[in-house]
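K.L.:
Below you will find the structure I want to go over with you.
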Amino acid sequence: MFFVTNLILLIGVLISVAFLTLFERKILGYIQIRKGPNKVGFIGLIQPFSDAIKLFTKEQSNPYMSNFSSFYFSPVFSLLLALLLWISMPFFTYMVSFNLSFMFMLSVSSLGVYCIMLAGWSSNSNYSLLGCLRAVAQTISYEVSLIIILLSVLFMMLSYSLGDLYKYQEYTWFMMIMLPLCLMWLVSCLAETNRTPFDFAEGESELVSGFNVEYSSGGFAMIFLAEYSSIIFMSMISSLLFFGGDFYSYFFFLKVGGLAFFWVWVRGTLPRYRYDKLMYLAWKSYLPVSLFLMLTYMGLKFFSLALYI
């Protein structure tokens, strides 16, 4: 039953990734005053599946000078890690509802950097190497502030379980008492998932396509699937952390959909940031502010515990 329920969850994630791509193209179409995909099936509903068939049936090209094994397996591991993150989803059925789901999530998400690094390096192309170096520096920088923001939430809860977020937000959302942290979290998630305005790993205007420039067919599709799976996962975690965490209500899934819409809306609205400004934002703004707020919430928690005792 454990494997069956996990398989159903992962199939659900892959289908939602397919429809997120359609959702994104439709919204970008309306932002740019055009229709978006509307020919394949009713209002374009079968478009994601035809895209998947097209991508996976294309000819797979392998660069002559590439490191073949790393080049071939990096996208596979990237998708595997992106799907493995979903195991930490707090269900009370046959899922892995363990008490250290925060630690599991952080451990698995930090491994994604290696897949990007290996994909860029093993292509043996200057463009992909530059793209992967940018992506690694960016991801590592923003992971620091993400973890410190998570620590603030953990100090308020004194628990490592994602399932406890609902219990601690029964009367008020963490967004109400942690608004600066919530906004910083959302911006850091955009940088962590390599999305506009922080998509320097795939800077089409200066790096052709970034770290995935040499990939085609299934390899490119897997990198693409991993990125969009991460977007939905980050939307879910954001909803759990700051927007109530009521993962047994339909309202929770509406909030996840609204946050996914925020990702797309930002892409259609904002231009790309400058790379040095991205780094300054991480190390000179977000890091000191998140550290200060973490100490503030830690002090509040200890003060409330002292009053309780």
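Please treat every number below as a calculation from the coordinates, not as lab data. This is a predicted model, so every value here is computed, not measured. All Cβ positions, glycine included, derive from the backbone under ideal geometry; neighbour counts span all protein chains shown.
K.L.:
If I take every Cα pair under 8 Å that is 6 or more residues apart in the stretch 119-245, average their sequence separation and divide by the length, what percent do I get for the relative contact order?
P.N.:
Contact order relative to length: 39 percent.
K.L.:
Name the chymotrypsin sites (Phe, Trp or Tyr not before Pro) in the stretch 207-309 that are in a loop by DSSP and that have at most 14 other C-beta atoms within 10 Å, would you?
P.N.:
When the chymotrypsin sites (Phe, Trp or Tyr not before Pro) of the stretch 207-309 are filtered for loop state and at most 14 Cβ neighbours within 10 Å, 248 remain.
K.L.:
A follow-up question, please. What percentage of all Cα-Cα pairs in the chain are separated by more than 31 Å?
P.N.:
Roughly 32 percent, rounded to a whole number.
K.L.:
At 7 Å along Cα-to-Cβ for each site, give me the label-to-label distance between residue 276 and residue 87 in nm.
P.N.:
Result: 4.4 nm between the two label points.
K.L.:
If you take the charge dipole of the chain about its Cα centre, with +1 on Lys and Arg Cβ and -1 on Asp and Glu Cβ, which of 5, 217, 32 is farthest toward its positive end?
P.N.:
Final value for the positive-end residue is 32.
K.L.:
Then there's this: Restricting to DSSP loop positions (anything but H, G, I, E, B) with no more than 14 other Cβ atoms inside 10 Å of their own Cβ, which trypsin sites (Lys or Arg not before Pro) remain in the stretch 39-78?
P.N.:
39, 58
K.L.:
Going by how many other beta carbons lie within 10 Å of each one, how would you line up 195, 274, 134, 267, fewest first?
P.N.:
274, 267, 195, 134
K.L.:
Within the chain, what's the longest run with no GluC sites (Glu not before Pro) in a DSSP loop and at most 14 other beta-carbon atoms within 10 Å? Give the range, please.
P.N.:
Answer from the scan: 171-309.
K.L.:
Between residue 49 and residue 158, what length in nm is gained on full extension when 0.36 nm per residue of separation is reduced by their alpha carbon distance?
P.N.:
Full extension from residue 49 to residue 158 adds 34.9 nm.
K.L.:
Now for a separate question. What list of ³J(HN,Hα) values in whole Hz, one per residue of the stretch 247-256 in order, does the Karplus curve 6.51 cos²θ - 1.76 cosθ + 1.60 (θ = phi - 60°) give from phi, with Gly and Pro shown as x?
P.N.:
6, 9, 10, 5, 4, 4, 6, 5, 5, 4
K.L.:
Please get the size of the charge dipole for the stretch 179-309, origin at its Cα centre, with Cβ charges of +1 on Lys and Arg and -1 on Asp and Glu, quoted in debye to the nearest 20.
P.N.:
480
K.L.:
Still on this structure, please answer the following. Would you compute, from DSSP H runs of 4+ residues alone, the mean residue ellipticity of the chain at 222 nm, taking -39500 (n - 2.57) per run and dividing by the full residue count, rounded to the nearest 500?
P.N.:
Calculated from helices alone, the mean residue ellipticity at 222 nm is -23000 deg cm²/dmol.
K.L.:
Let me ask something else. List the chymotrypsin sites (Phe, Trp or Tyr not before Pro) within the stretch 29-121 that fall in a DSSP loop (any state other than H, G, I, E or B) and whose Cβ has at most 11 other Cβ atoms within 10 Å.
P.N.:
Answer in residue order: 64, 92.
K.L.:
Taking θ = phi - 60°, what integer Hz values does the Karplus form 6.51 cos²θ - 1.76 cosθ + 1.60 yield along the stretch 214-221, in sequence order, with x for Gly and Pro?
P.N.:
Computed from phi, the couplings for the stretch 214-221 are 8, 8, 9, 6, x, x, 5, 4 Hz.
K.L.:
Express the relative contact order of the chain as a whole percentage, based on alpha carbon pairs under 8 Å and six or more residues apart in sequence.
P.N.:
24
K.L.:
Among 253, 295, 65, which residue has its Cα positioned farthest towards the positive end of the charge dipole of the chain, with +1 placed on the Cβ of Lys and Arg, -1 on the Cβ of Asp and Glu, and the dipole taken about the Cα centre?
P.N.:
It is 253, whose Cα lies furthest towards the positive end.
K.L.:
In addition: Taking R0 as 41 Å, what's the FRET efficiency between residue 292 and residue 98 from their Cβ-Cβ distance, rounded to 0.05?
P.N.:
Once the sixth-power term is evaluated, E becomes 0.80.
K.L.:
Let me make sure I get this right: for the stretch 181-308, a, b and c are the square roots of the gyration tensor eigenvalues over alpha carbons, sorted descending. Under 1.5 in a/c it's rounded, otherwise prolate if a/b > b/c, else oblate. Which is it?
P.N.:
Oblate shape, in that a/c is at least 1.5 and b/c is the bigger or equal ratio.
K.L.:
For the residue pair residue 9 and residue 33, what label-to-label distance in nm results when each label sits 7 Å from Cα along the Cα-to-beta-carbon direction?
P.N.:
So the two model labels end up 4.6 nm from each other.
K.L.:
Ok, one more. Can you count the Lys pairs in the chain with C-alpha separation below 21 Å, eight or more apart or on different chains?
P.N.:
7
K.L.:
Between the stretch 131-188 and the stretch 1-70, what is the C-alpha centre distance in whole Å?
P.N.:
28
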